[in-house]
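Notes follow once the structure below has been shown.
Every read-out reported here was derived from the displayed coordinates using simple, explicitly stated rules and does not represent laboratory data. Since this is a predicted model, take the numbers as computed values, not measurements. Note that we place each Cβ from the backbone using ideal geometry, even for glycine, and neighbour counts take in every protein chain shown.
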Amino acid sequence: MGTEQMADETAHGAGSGDAAIRPLDTIDRAILHILQADGRASIRSVAERVHVSRANAYARINRLVEDGVIRGFSARIDHERAGQGATAYITLKIVQNSWRTVRGQLEALPGAAHIALLGADFDVLLLVHSPDNRTLRELVLTRLQAIPEVLSTRTLLVFEETDLNPQPPPE
C-alpha cells in the first residue's frame, strides 16, 4: 500500500473501528518518532534506524496505519509564508447536543486547521489560518456567528507560534 493511499484511507476513517487497541512496543514507538520528525523517511531508512528488516518496517508501518495510530502523513507548513498570515484560536459555546452538526459546519470553513470538543467554560476550540485580519473578521462575524447552534465566540489572535519537535519514545 502506497503512502498516499494509506494517508487517504486514514483521513476517511479507515482503521478507526472498534477493534481492540494493540499495545505499542519500543520499535513501534521508535518508528512513530522517526515518522513524526520526517514523514518522508524511506522504509529503508526507518528499518536501518530501528534495526529491523525493510519487510518488518513496512509491515509495522502498515499495521500502525490500519490500526489508526498513524492517521496520515503531512508537511509542516509555515502559514505566514504560505499566505495565511493571520492565525487565531476561536472558542465557541454551542447548543447542548449539537456537536456533530457544528463539527460538520466547522470542517467546511476555509482555513480551519483543528477542531476540539472540550470540557471547559467553552465547548469548542477552533484553530484557523487566514490570509489577513479582515478575512478572519469576516469568517467570525459572517460564517461562525451565522451557525444557529453557536451561542457565542471569543477570538484569540496568535502573535507568534512555534511547532514543537516530537519527543523521543519512552524507554
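Please order Thr155, Thr162, Thr142 by the number of other Cβ within 10 Å, starting at the fewest.
Working: Thr155 16, Thr162 5, Thr142 9.
Least to most surrounded, the residues fall as Thr162, Thr142, Thr155.
Stokes-Einstein D for the chain at 4 °C, 1.567 mPa s, Kirkwood Rh over Cα pairs, in µm²/s?
Details: Rh = 18.5 Å.
Translational D for this selection: 70 µm²/s.
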How far apart, in nm, are two points set 7 Å out from the Cα along the Cα-to-Cβ line at Asn165 and at Arg81? 1.7 nm
When the Debye formula is applied to the Cα atoms of segment 42-116, each taken as the same point scatterer, what base-10 log of I(q)/I(0) results at q = 0.15, 0.17, 0.25 Å⁻¹? -0.79, -0.85, -1.14
A correct fewest-to-most ranking of Arg54, Arg100 by other Cβ atoms within 10 Å would be Arg100, Arg54
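Taking the Cα centre of segment 86-158 as the origin, how large is its charge dipole in debye, to the nearest 20, when only Lys and Arg (+1) and Asp and Glu (-1) carry charge on their Cβ atoms? Kindly include the intermediate steps, with their values, before the conclusion.
Values: 7 positive and 6 negative charges, 12 e Å.
Once rounded to the nearest 20, the dipole reads 60 debye.
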For Ala86, what residues show an amide H to amide H distance below 5 Å, using hydrogens built from the backbone and excluding near sequence neighbours? Ser130, Asp132
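Applying 1/(1 + (r/R0)^6) with R0 = 30 Å to the Cβ-Cβ distance of Asn97 and Leu156, what FRET efficiency is obtained, to the nearest 0.05? Each step should come with its number before you reach the end.
Working: r = 26 Å, r/R0 = 0.86.
After rounding, the FRET efficiency stands at 0.70.
Please report, in debye to the nearest 20, how large the charge dipole of the chain is about its Cα centre when each Lys and Arg carries +1 at its beta carbon and each Asp and Glu carries -1 there. Walk me through the numbers before you get to the answer.
On the way: 18 positive and 22 negative charges, 22 e Å.
The calculation lands at about 100 debye.
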What is the distance in Å between the Cα centres of segment 62-113 and segment 129-171? 10 Å
Sorted by Cβ neighbour density within 10 Å, fewest at the top, the residues His51, His33, His129: His51, His33, His129
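Computed over the Cα atoms of segment 27-70, what is the convex hull's projected area averaged over all directions, in nm²? Can you show the working numbers first?
Numbers: hull surface 10.0 nm².
With every direction weighted equally, the projected area is 2.5 nm².
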Can you pull the one-decimal nm distance between simple spin-label points at Arg22 and Glu48, each 7 Å off the Cα toward Cβ? 2.6 nm
Whether segment 86-158 is rounded, prolate or oblate, judged on the alpha carbon gyration tensor where a/c under 1.5 counts as rounded: prolate
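Given contacts defined as C-alpha pairs under 8 Å and at least six residues apart, what's the relative contact order of segment 86-158, whole-number percent?
Numbers: 119 pairs, mean separation 36.1, N = 73.
Contact order relative to length: 49 percent.
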Potential lengthening between Arg137 and Gln36 on full extension [0.36 nm per residue; Cα-Cα distance subtracted]: 33.0 nm
